[in-house]
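The values are calculated or read from the model by the stated rules, or taken from the named source; none is laboratory data. Since the structure is predicted, the reported quantities are computational estimates derived from the model, not experimental observations. Methodologically, a virtual Cβ is constructed for each residue, glycine included, from the backbone with ideal geometry; neighbour enumeration extends over all protein chains shown.
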Amino acid sequence: MLTSPKLSVVSPCYNEQDSLEELCRRVTAAREAEVGADYEIVLIDDGSSDSTRSLIGKLCEKDPHFVGVFLSRNHGHQLALTAGLHTCRGERILIIDADLQDPPELLGDMMRMMDEKKADVVYGQRFERRGESTFKRLTAHLFYRLLNSLVDVKIPVDTGDFRLMNRKTLDELNRMPEQHRFIRGMVSWIGFRQVPLKYERHERFGGETKYPFRKMICFAVDAISGFSIVPLRIATYLGFICSLLGVFFLGYTAYSYLTGIAIQGWTTLMAVVLILGSGQLLVLGVLGEYLGRLYMQSKN
Ligand code: UDP
Ligand code: MG
């Protein structure tokens with residue numbers, strides 16, 4: 001197959017042996033109606049320790065529509081997805097998790113929406129998340145709102161990576177050099193015409209979430225640091241606040257000196273500590289500003 005297929009389905013899999021077969025069955029049913037046989041399914045094994053890898057291998061042997069990407073170890077969801085997005089060749093690309101929380105049956109609606117609204121990206125936006133813990137829902141809810149208050153790019157709330165995009169958008173995404181990737185944010189950043197499709201998120205088909213709390217934190221840090229230099233500005237803000245407080249306190253030490261309540265040497269010592277301290281924070285803030293600019297520049 002040298003010409004590009006109409007549709008690529010890209011799905012990262014990390015220990016998803018329980019869901020793989022059902023994923024293939026449901027994706028097959030969904031794509032049959034839309035694109036017939038003109039498709040490929042790219043499955044990325046993200047260094048799984050169960051039989052996911054061999055299952056993908058078997059699928060590829062049996063059916064040339066399947067493309068397997070095998071990572072050397074567990075590199076994480078976003079990098080696995082990136083590997084798949086660089087491999088796929090389709091004119092339209094559907095990103096879907098392997099755990100079937102996002103229904104493949106929405107493919108038809110997404111395709112139609114893309115045609116009717118002349119959209120470049122149709123992203124799934126969940127209005128309900130079934131079968132997920134209150135903790136997960138709460139953290140996800142807070143996370144998307146915090147993210148939006150910190151970053152300049154409008155990243156739609158309550159969206160995952162579940163989306164259909166066209167080749168034009170994917171080519172732009174693949175040109176972005178970042179190593180710490182937050183793909184849903186990067187797609188928003190690219191622009192073009194992006195429309196939401198509301199849907200209800202289901203429970204996992206099998207297995208359990210591969211995002212324990214530790215990975216969720218890393219993910220959130222990647223997201224915020226990837227799109228915002230606000231954390232770098234913290235030093236500047238702190239510097240200003242401390243300098244202000246320092247001025248007041250300096251006044252107080254001078255007063256103590258003049259009225260003689262201070263023991264010898266205390267005033268000088270305090271003055272040095274305060275001036276150096278706030279000076280350092282301010283300088284750190286300046287460094288932060290330049291670092292932030294350099295960082296944004298390096299992302300091209
Ligand atoms: N995943 C992956 N590598 C990882 C963690 C997850 O490829 O290190 C895949 C996983 O197999 C699934 C998708 O990323 O297809 C989303 O993960 P998960 O469903 O565990 O996340 P949640 O839906 O709980 O946020
Ligand atoms: Mg999931």
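Has the stretch 90-108 got at least one residue that is free of Cβ contacts under 8 Å to residues at least 60 places away in the same chain and either surrounded by fewer than 17 Cβ atoms within 10 Å (Cβ to Cβ) or aliphatic (A, V, I, L, M) (or both)? No, the conditions are met nowhere in the stretch 90-108. Checked against (1) out of contact with any Lys or Arg (no Cβ under 9 Å at 6 or more places or on another chain); (2) within 30 Å of Glu16 (Cα to Cα); (3) in contact (Cβ under 8 Å) with a residue 12 or more places away in the chain; (4) hydrophobic (A, V, I, L, M, F, W, C), Met216 passes all but a single condition, namely (1). The condition of being farther than 21 Å from Asp158 by Cα, among the hydrophobic types (A, V, I, L, M, F, W, C) and surrounded by fewer than 17 Cβ atoms within 10 Å (Cβ to Cβ) holds for only one of Phe70, Phe127, that being Phe70.
Among the strands (runs of 3 or more DSSP E) confined to the stretch 64-180, there are none with at least 3 residues that are at pLDDT below 90, touching a strand residue (DSSP E or B) at 6+ places or on another chain (Cβ under 9 Å) and within 24 Å of Lys6 (Cα to Cα).
Per this entry, Ser54 is not counted among residues that are in contact (Cβ under 8 Å) with a residue 60 or more places away in the chain, surrounded by fewer than 20 Cβ atoms within 10 Å (Cβ to Cβ), among the polar types (S, T, N, Q) and more than 12 Å from ligand 1 (Cβ to nearest atom). A single entry from Phe182, Phe192, Phe205, Phe227 fulfils the requirement of being more than 16 Å from ligand 2 (Cβ to nearest atom), surrounded by 15 or more Cβ atoms within 10 Å (Cβ to Cβ), aromatic (Phe, Trp, Tyr) and closer than 18 Å to Gly124 by Cβ: Phe182. Flag: Leu59 does not match the condition of being surrounded by 20 or more Cβ atoms within 10 Å (Cβ to Cβ), in contact with a Phe, Trp or Tyr (Cβ under 9 Å, 6 or more places away or on another chain) and not in a loop (DSSP other than H, G, I, E, B). The set of residues from the stretch 1-32 being touching a Ser or Thr at 6+ places or on another chain (Cβ under 9 Å), more than 19 Å from Tyr211 (Cβ to Cβ) and assigned to a helix (DSSP H, G or I) comprises just one member, Val27.
Only a single criterion out of (1) buried (at least 20 other Cβ atoms within 10 Å of the Cβ); (2) in contact with a strand residue (DSSP E or B) (Cβ under 6 Å, 6 or more places away or on another chain) is not satisfied by Ala30, namely (2).
Residues to consider are Ala220, Ala271, Ala235; find the one that is in contact with a helix residue (DSSP H, G or I) (Cβ under 7 Å, 6 or more places away or on another chain) and either within 16 Å of ligand 1 (Cβ to nearest atom) or polar (S, T, N, Q) (or both).
Result: Ala220 is the single residue among Ala220, Ala271, Ala235 that is in contact with a helix residue (DSSP H, G or I) (Cβ under 7 Å, 6 or more places away or on another chain) and either within 16 Å of ligand 1 (Cβ to nearest atom) or polar (S, T, N, Q) (or both).
Residues are listed down the side, and each one gets a yes or a no for (1) within 15 Å of ligand 2 (Cβ to nearest atom); (2) touching a Lys or Arg at 6+ places or on another chain (Cβ under 9 Å):
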{"residue": "Glu116", "(1), (2)": "no, no"}
{"residue": "Asp120", "(1), (2)": "no, yes"}
{"residue": "Ala140", "(1), (2)": "yes, yes"}
{"residue": "Met165", "(1), (2)": "no, yes"}
{"residue": "Arg175", "(1), (2)": "no, no"}
